[in-house]
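A.B. asks: First the structure, then my questions, so here it is.
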Amino acid sequence: MSRPILDESMIHPAIRDRIAVNHADIVGEVQAAVAGTAVVVVGMAQNPYPKRARKSLEAAGIPFKYVEYGSYFNNWRRRNALKMWAGWPTMPMVFVSGVLIGGAQELDRLIASGELMRMLQGT
């Protein structure tokens with residue numbers, strides 16, 4: 001199953017470049033973090049779920065990289081670019097071995113089932 005994305009042929013040529021570069025820096029930062037680190041948590045200040053994900057990883061003894069972009073009061077447009085790129089609507093976004101696994105709840109399930117460790121052993 002693939003998620004629906006507006007086909008480029010349905011985007012007027014005059015705005016394609018604007019879409020392509022819209023907050024591309026934040027997407028590039030996350031892509032670089034994901035490429036260079038086994039576990040990456042992307043979050044924001046004031047949101048309890050990124051903190052929960054970090055605590056779960058710490059409790060499991062799993063090293064991770066945390067990148068934070070703003071809070072409820074700022075940087076929402078930049079975070080929106082990440083959400084459009086990843087297709088995940090909330091924070092945190094947790095990546096394991098380059099794969100988006102979801103947020104804090106999904107992370108907790110993978111830790112509890114042992115699947116997270118199996119994913120990391122494959123790296």
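The values are calculated or read from the model by the stated rules, or taken from the named source; none is laboratory data. The structure presented is a predicted model; accordingly, all values stated were derived computationally and were not measured. Because the Cβ atoms are built from the backbone with ideal geometry, glycine has one as well, and the counts that use them run over all protein chains shown. Heads up: the accessible areas ignore ligands, DNA and RNA and are worked out on the full protein's heavy atoms, side chains in. Shrake-Rupley method; radii C 1.70, N 1.55, O 1.52, S 1.80 Å.
A.B. asks: Among (1) under 22 Å from residue 6 (Cβ atoms); (2) open to solvent by 60 Å² or more (accessible area, probe 1.4 Å), there is one condition residue 26 misses while meeting the rest; what is its number?
C.D. replies: Only one criterion in (1) under 22 Å from residue 6 (Cβ atoms); (2) open to solvent by 60 Å² or more (accessible area, probe 1.4 Å) is unmet by residue 26, namely (2).
A.B. asks: Quick check, is residue 58 modelled with pLDDT of 95 or more, part of a helix (DSSP H, G or I), within 20 Å of residue 107 (Cβ to Cβ) and open to solvent by 70 Å² or more (accessible area, probe 1.4 Å)?
C.D. replies: Here the answer is yes, as residue 58 does meet what is asked.
A.B. asks: List the pairs whose first member sits in region 87-101 and is open to solvent by less than 50 Å² (accessible area, probe 1.4 Å), whose second member is in a loop (DSSP other than H, G, I, E, B) and at pLDDT below 95, and whose Cβ atoms are under 9 Å apart, counting only residues at least 6 apart or on separate chains?
C.D. replies: Once the first residue is open to solvent by less than 50 Å² (accessible area, probe 1.4 Å) and sits in region 87-101, its partners that are in a loop (DSSP other than H, G, I, E, B) and at pLDDT below 95 give 87/3; 87/5; 96/123; 97/122; 97/123; 98/123.
A.B. asks: Can you confirm whether residue 42 is out of contact with any Asp or Glu (no Cβ under 6 Å at 6 or more places or on another chain) and not in a helix (DSSP H, G or I)?
C.D. replies: So residue 42 passes the test.
A.B. asks: Restricting the search to region 102-116, which residues are over 20 Å from residue 45 (Cβ atoms) and open to solvent by less than 30 Å² (accessible area, probe 1.4 Å)?
C.D. replies: 102, 110, 114, 116 - these are the residues of region 102-116 that are over 20 Å from residue 45 (Cβ atoms) and open to solvent by less than 30 Å² (accessible area, probe 1.4 Å).
A.B. asks: Shifting gears a bit: Kindly list the number of the only condition in (1) part of a loop (DSSP other than H, G, I, E, B); (2) small (Gly, Ala, Ser); (3) touching a helix residue (DSSP H, G or I) at 6+ places or on another chain (Cβ under 6 Å) that fails for residue 81.
C.D. replies: Residue 81 satisfies every listed condition except (1).
A.B. asks: Before we move on, is residue 117 at pLDDT 95 or above and over 27 Å from residue 22 (Cα atoms)?
C.D. replies: Answer is yes for this residue.
A.B. asks: Suppose we keep only residues that are touching a helix residue (DSSP H, G or I) at 6+ places or on another chain (Cβ under 8 Å) and at pLDDT 95 or above within region 65-78. Which one would you say is farthest from residue 36 (Cα to Cα)?
C.D. replies: The residue in question is 70.
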